[in-house]
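A quick write-up on the structure given underneath.
The values are calculated or read from the model by the stated rules, or taken from the named source; none is laboratory data. The model shown is predicted, which means the values in this text are computed figures rather than measured ones. Note that each Cβ is placed from the backbone with ideal geometry, even for glycine, and that neighbours are counted across all protein chains shown. Quick note on the areas: whole protein, heavy atoms, side chains included, nothing else; ligands and nucleic acids left out. Shrake-Rupley method; radii C 1.70, N 1.55, O 1.52, S 1.80 Å.
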Amino acid sequence: MLVKQNKPYVINKKIDSYFDGVYHAFKFVKRFFAQVIRPPFHFKEVINQSYEIGIKSLSLITLTGFIVGMVFTKQTRPSLEDFGATSWLPSLIGIAIVRALAALVTALICAGKVGSSIGAELGSMKVTEQIDAMEVSAINPFKYLVVTRVLATSLTIPILALYCSFVGLLGSYLNVYGSEASSLTMFYKNAFSDISFLDIFASVVKSIFYGFTIGMVGCYKGYYATQGTRGVGKAANEAVVLSMFLIFVEEIIIVQVSNWIRLY
Amino acid sequence: MNSNKNIASPLVININNVYKSFGELEVLKGINLSVFKGENMAILGKSGSGKSVLIKMMIGLLQPDKGEVFVLNQEVKNLQGKELDALRLRIGFSFQNSALYDSMNVFQNLAFPLIMNHKNLSKAEISHAVEEALVAVGLESKELQMPADLSGGQRKRIGIARTLILKPEIMLYDEPTSGLDPVTSSEINALIVSVQKEYRTTSVIITHDLTCAKVTCNRIAVLVEGAFLKVGTFEEVFNQQTDLISPFYNYNFIQ
Ligand SMILES: Nc1ncnc2c1ncn2[C@@H]1O[C@H](COP(=O)(O)OP(=O)(O)OP(=O)(O)O)[C@@H](O)[C@H]1O
Ligand SMILES: [Mg+2]
């Protein structure tokens, strides 16, 4: 007879299971890096997924980016007018959007839109045993589902972020044009006058981290979904909450690091 | 049908004193089972008795806490990566809930395992193989339908076709007839028998449907409280009725 004794906890049940979860998540990330470098590579599936992600979030990013650019400009104008410094407006907006807003806005939209759908999709595949079905027909589900999706989000979200800065500046231009009637090329020239290559590079790197986070968290939550259909909703929900939280944490760290680099 | 004939053939699945618990719940407590080449073995047991757990161990989806599971002379627990994949390609597993890929249509569902395991197949070869598997289960016309649009019985048959496409030596069926009407059930039973004949498979069939067990299987094992109470031919098992076995019989044939 097997006699199961109560597992002794190191600290207490809650804290132990929290660290257990962190350990599991790190193992999941490690597994990704171990598998991403080994063949077979499912390039076609990465392309498919990237396309899906782009299609899913493009309209929302266009709308949000445009409005953020426009509103931000409109709200900033009065303060600058007080100093008679409205000519600084384009470069100020350029810095705000390219350095900070575009990547963050894109990441948050994708965390909601893409992260939840990855969590729900993998979650439902898990609870209806479709992931097991892949495994028994000798297909590596981690490679086919997780690796491809994480690569797709890490590739697509930076591109979407660049697109978001472009649309954001366009929205801002519309407001500037309303009061000053400057040309679009002039506006973009001014907007980019204070933006260095480092800014764009940092923004892309930041977006790669965000994309990786969104893909990884969505897959992790989905891949370990339990409790039937209820678990699917839970996986989607937790994927959004956790990836948004991690995005903010990463934002703080990356801003610190890039400011530090800028100084030296 | 006679079980003695099979004893002489080689052992395909050998389960040796297997234990499995989930937390406090002891599901399997000392399972022993031998399945021989070419035979169909039914495993009967009531809901929650651990039948699905047992059959999942045969393909390495779950591992025993204690004891050994040998399939085709290899201990499943010791296999990893390529070796495990190689063994799994020789086994077909039909899931209790069919587990069809929701996002793919029927054709893609069948083609997927084939494409992923045989990279060099031409388009014509793939559609030929899909066609062949669909004919085997009698659903040639459903190629372009999505799984959500199929009936339960059709889903089961597509699930079986998806495993047949890899030409397995062993078939594991997890409740192939559960939740189906008697007519569809008997069609599935006929399908299982014809798969055994045509593909020369050895099968393990989990069921609580005695008609299914009687029609499709050479031997029967009854799982009660985590261990096999009785293993033998249908007649051997059900002739001497005990308190634990007769409920099955009564439910299936008297009610
Ligand atoms: N992954 C798991 N985690 C925890 N408990 C599990 C797991 N899988 C199965 N169990 C438990 O093991 C027991 C046996 O489950 P199993 O699915 O094997 O039953 P079954 O005999 O197939 O029943 P049914 O005829 O309803 O399919 C159940 O009590 C179930 O709750
Ligand atoms: Mg079951």
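Numbers for the structure displayed
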{"quantity": "Helical mean residue ellipticity (222 nm; -39500 (n - 2.57) per DSSP H run of 4+; nearest 500) of the protein assembly as shown", "calculated": "-19000 deg cm²/dmol"}
{"quantity": "Per-residue average of Cβ from other chains inside 10 Å of A:125-132", "calculated": "5"}
{"quantity": "Nonlocal amide H pairs with B:I43, under 5 Å, H built at 1.01 Å", "calculated": "B:I205, B:I206, B:T207, B:A221"}
{"quantity": "Which of A:Y264, A:Y224, A:Y23 is most accessible, then next, and so on - probe 1.4 Å", "calculated": "A:Y264, A:Y23, A:Y224"}
{"quantity": "Sequence-distant residues sharing a close amide H with B:S49 (under 5 Å, placed H)", "calculated": "none"}
{"quantity": "Loop sites in region A:56-85: chymotrypsin sites (Phe, Trp or Tyr not before Pro), DSSP, at most 11 other Cβ within 10 Å", "calculated": "A:F83"}
{"quantity": "Total charge dipole magnitude, region A:59-172, about the Cα centre, Cβ charges on Lys, Arg, Asp, Glu only, Debye to nearest 20", "calculated": "220"}
{"quantity": "Table column - 3J(HN,Hα) (Hz), region A:133-147, Karplus curve with 6.51, -1.76, 1.60, x for Gly and Pro", "calculated": "4, 5, 4, 6, 9, 6, 9, 7, x, 4, 5, 6, 9, 7, 4"}
{"quantity": "Signed unit charges on C-beta, dipole axis of region A:42-263, positive-most listed residue A:L184, A:I53, A:F66", "calculated": "A:I53"}
{"quantity": "Charge dipole (debye, nearest 20) of chain A; +1 at Cβ of Lys and Arg, -1 at Cβ of Asp and Glu", "calculated": "760"}
{"quantity": "Exceeding the 18 Å Cα-Cα cut-off - candidates A:K13/B:K29; A:K27/A:K143; A:K13/A:K126; A:K126/B:K119; B:K56/B:K77", "calculated": "A:K13/B:K29; A:K13/A:K126; A:K126/B:K119"}
{"quantity": "Protein accessible surface hidden between B and A, which excludes ligands and nucleic acids, total in Å², probe 1.4 Å", "calculated": "2100"}
{"quantity": "Integer Hz, Karplus 6.51/-1.76/1.60 couplings in order for region B:206-222, x for Gly and Pro", "calculated": "8, 7, 10, 9, 5, 4, 4, 4, 5, 6, 9, 10, 7, 9, 10, 10, 10"}
{"quantity": "Alpha-carbon centroid distance for the pair region A:26-86 / region B:43-80, whole angstrom", "calculated": "45"}
{"quantity": "Apportionment of accessible area to carbon and sulfur, the protein assembly as shown, percent (1.4 Å)", "calculated": "61"}
{"quantity": "Options B:V137, A:M216, A:F33, ranked by Cα towards positive dipole end of the protein assembly as shown, top entry (Cβ charges)", "calculated": "A:F33"}
{"quantity": "A:I95, A:I208, ranked by accessible area, largest first (probe 1.4 Å)", "calculated": "A:I208, A:I95"}
{"quantity": "Simple Cβ-charge dipole of chain B, Lys/Arg +1 and Asp/Glu -1, about Cα centre, in debye nearest 20", "calculated": "420"}
{"quantity": "Surface per residue (accessible, 1.4 Å probe) for region A:42-263, Å²", "calculated": "46"}
{"quantity": "Cα gyration tensor shape for region B:81-162, rounded if a/c is under 1.5, else prolate or oblate", "calculated": "oblate"}
{"quantity": "Straight-distance crosslink candidates among lysines, where the alpha carbon sits under 18 Å from B:K197 and sequence neighbours closer than 8 are dropped", "calculated": "B:K5, B:K37, B:K167, B:K214"}
{"quantity": "Ordering of B:222-231, B:187-196 by burial proxy (mean other Cβ atoms within 10 Å per residue, highest first)", "calculated": "B:187-196, B:222-231"}
{"quantity": "Charge dipole (the protein assembly as shown, unit charges on Cβ, about Cα centre) - positive-most of A:A96, B:Q96, B:I206", "calculated": "A:A96"}
{"quantity": "Table column - 3J(HN,Hα) (Hz), region A:153-168, Karplus curve with 6.51, -1.76, 1.60, x for Gly and Pro", "calculated": "5, 5, 7, 7, 5, x, 5, 4, 5, 4, 4, 5, 5, 4, 5, x"}
{"quantity": "Shielding by partners - mean other protein chain Cβ count within 10 Å, residues of B:89-98", "calculated": "3"}
{"quantity": "Bins of 20 Å from zero: percent of alpha-carbon pairs in the protein assembly as shown", "calculated": "19, 42, 25, 11, 2, 0"}
{"quantity": "Cleavage-rule hits, GluC sites (Glu not before Pro), region B:1-101, DSSP coil, Cβ neighbours within 10 Å at most 12", "calculated": "B:E24"}
{"quantity": "Tensor-based shape of chain A (alpha-carbon gyration tensor, a/c under 1.5 rounded, otherwise prolate or oblate)", "calculated": "prolate"}
{"quantity": "GNM top mover of B:I115, B:I160, B:I13 - chain B, alpha-carbon springs below 10 Å", "calculated": "B:I115"}
